[in-house]
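Structure first, then comments.
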Amino acid sequence: IEGGRIAWGHGAQLPYLGEALTVVLDPTHGFIGKGGALHGGSEDAGGTSLRIGLPHSASPAQIRDAVQAWLMRDARRHFTARLDHFAPLLDVRWTSLRLSSAQTRWGSAKADGSIRLNWRLLHYRPAIIDYVVAHELVHLEHDDHGREFWAALGRLLPDYEARRERLRTEGPRFIW
């Protein structure tokens, strides 16, 4: 990341679930239907790498688009699992998940059970993602941020205030 911008190329780094993720261009693999694959440990840094089936001659825009497409697919998978985990604990039912690219909102919920979550949440640690997922599920029962809303969220996540503060202060500081 250079000056708040990701330098899209082989070896680019970005946050993924609160940890560094290194982009590795792998022209020998097609990653059919997935666009990429996670590997625990890149050749250089020993961390997590995302192998993308692009040639080393790929443009920065091609690399950015491929990584974003993979992240959006992974966001849907991760968020669905967390919605399925928390919904029964709250005795609510969600009906659909849509991904958002909003610049100012992390999520929203409608009375019909539809949930919208910002795919960029995938950059945060799992505890922070869980805060946003649980927050939106609580809205299926309480449409405002009144006392009952915060009490319900507190029963589910007793440390929700600390998670909320981390969401505000620990966010990724880069521009897509």
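The values are calculated or read from the model by the stated rules, or taken from the named source; none is laboratory data. Predicted, not measured: the structure shown is a model, and the values here were computed from it. Neighbour counts are summed over all protein chains in view; Cβ atoms, including those assigned to glycine, are modelled from backbone coordinates with ideal geometry. Side chains are part of the model used for accessible areas, which takes the heavy atoms of the whole protein and leaves out ligands, DNA and RNA. Shrake-Rupley method; radii C 1.70, N 1.55, O 1.52, S 1.80 Å.
What part of the accessible area of the chain, given as a whole %, is carbon or sulfur when the probe is 1.4 angstrom?
C and S fraction of accessible area: 49 percent.
Under a point spin-label approximation (7 Å from Cα along Cα-to-Cβ), what is the residue 77-residue 95 distance to one decimal in nm?
Using points 7 Å along Cα→Cβ, the separation is 2.8 nm.
With no solvent and one equal point scatterer placed on each C-alpha of the chain, evaluate the Debye formula and give log10 I(q)/I(0) for q = 0.12, 0.14, 0.17 Å⁻¹, two decimals.
-0.60, -0.78, -1.04
What number comes out for accessible area per residue over the chain if the probe is 1.4 Å? Units Å², please.
In whole numbers, the chain has 54 Å² accessible per residue.
Return the calculated 222 nm mean residue ellipticity for the chain, to the nearest 500 deg cm²/dmol, obtained by summing -39500 (n - 2.57) across DSSP H runs with n ≥ 4 and dividing by the residue count. Don't jump to the answer; show the numbers that get you there.
Values: 4 runs with 64 residues, N = 176.
Only helices count here, giving -12000 deg cm²/dmol.
Among DSSP bridges having both ends in the chain, what percentage is antiparallel? Round to the nearest 5.
Among the beta bridges of the chain, antiparallel pairing accounts for roughly 55 percent.
Largest first and in whole Å, what are the equivalent-ellipsoid semi-axes of segment 80-170 based on the Cα gyration tensor, each being the root of 5 times an eigenvalue?
Details: eigenvalues 62, 54, 29 Å².
Calculated on Cα positions only, the semi-axes equal 18, 16, 12 Å.
Would you please state which residues of segment 122-144 a label at residue 17 would reach in this model, taking the label point 7 Å out along Cα→Cβ and a backbone N cut-off of under 19 Å?
Only 122-134 pass the distance filter.
Could you give the alpha-carbon Rg of segment 58-116 over 2.2 N^0.38 Å, rounded to two decimals?
Working: Rg = 14.3 Å, N = 59, 2.2 N^0.38 = 10.4 Å.
It is 1.38.
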